[in-house]
Amino acid sequence: MNYYVTSFINILHFISDDLIQCDSTTKIAELFCDEFDALDFELALCCFEATHKVASDNRLWGSDPEEYEDLTIEEFIETYVDSHEQRDPLFVTKRFLMFQESLTKALTEEAEEPPPEDY
């Protein structure tokens, strides 16, 4: 298992407070549950990119999770991570601003949901 795969798994464990137990053969779809959603996954990706100064393929950011959920973690890293070091001094800032947009969108959608009906 390569260094990037191990690192990403460690980030997933940390972000999920060790609720997610996975290895390189775990499919991306298996990560998602009540305690770990798409926003948590995006945070893990941003942390991974910032840690290693590598970028995920731009096609990932426009993709629906269904397009990659059948990949194992190892296949996902091999498919979507460009291992060339990013030299843009604003790379990390730009990635976390992308995450901020996703977080804002998720919070807005959550706030727009009707309150549960009490019977």
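The values are calculated or read from the model by the stated rules, or taken from the named source; none is laboratory data. Every value quoted in this text rests on a predicted model; they were computed, and no experiment measured them. Methodologically, a virtual Cβ is constructed for each residue, glycine included, from the backbone with ideal geometry; neighbour enumeration extends over all protein chains shown. Accessible surface areas use protein heavy atoms only, side chains included; no ligands, DNA or RNA. Shrake-Rupley method; radii C 1.70, N 1.55, O 1.52, S 1.80 Å.
Can you give the FRET efficiency to the nearest 0.05 for Glu66 and Ile15, using r as the Cβ-Cβ distance and R₀ = 30 Å?
0.85
With a probe of 1.4 Å, find how much accessible area region 1-116 has per residue, and write the answer as a whole number in Å².
On a per-residue basis, 62 Å².
Quick one: angle between helix 91-112 and the longest Cα principal axis of the chain, in degrees between 0 and 90, rounded to 10, please.
20 degrees
Taking +1 at the Cβ of each Lys and Arg and -1 at the Cβ of each Asp and Glu, which of Phe76, Cys33, Thr104 sits farthest along the dipole of region 21-108 towards its positive end, judged by Cα position relative to the Cα centre?
Thr104
Return the distance in nm (one decimal) between the two label points of a simple spin-label model at Lys27 and Asn58, each offset 7 Å from Cα along Cα→Cβ.
Between Lys27 and Asn58, the simple spin-label model gives 3.1 nm.
Out of the total accessible area of region 1-110 (probe 1.4 Å, heavy atoms of protein only), what percent is carbon and sulfur? Don't jump to the answer; show the numbers that get you there.
Details: 3220 of 6540 Å².
Of all accessible area on region 1-110, carbon and sulfur atoms account for 49 percent.
Assign one of three labels to the chain, namely rounded, prolate or oblate, based on the Cα gyration tensor with a ≥ b ≥ c the square roots of its eigenvalues; rounded applies when a/c is under 1.5, prolate when it is not and a/b is larger than b/c, and oblate otherwise.
Working: a/c = 2.01, a/b = 1.37, b/c = 1.47.
The shape class here is oblate.
Of the residues Glu78, Glu66, Glu42, which exhibits the maximal mean-square fluctuation in a Gaussian network model of the chain defined by a 10 Å Cα contact cut-off?
With Cα springs under 10 Å in the chain, the top fluctuation among Glu78, Glu66, Glu42 is at Glu66.
For a paramagnetic label modelled at 7 Å from the Cα of Ala106 toward its Cβ, which residues of region 1-32 fall within the zone defined by backbone nitrogen distances under 19 Å?
Residues passing the 19 Å test: 8-22, 28-32.
Only Cα pairs within less than 10 Å get springs; with that Gaussian network setup on the chain, which residue of Thr93, Thr108, Thr26 has the largest fluctuation?
Greatest mean-square fluctuation among the candidates belongs to Thr108.
Excluding residues on the same chain fewer than 8 positions from Lys53, give the lysines whose Cα lies under 17 Å from its Cα.
The qualifying lysines are Lys94.
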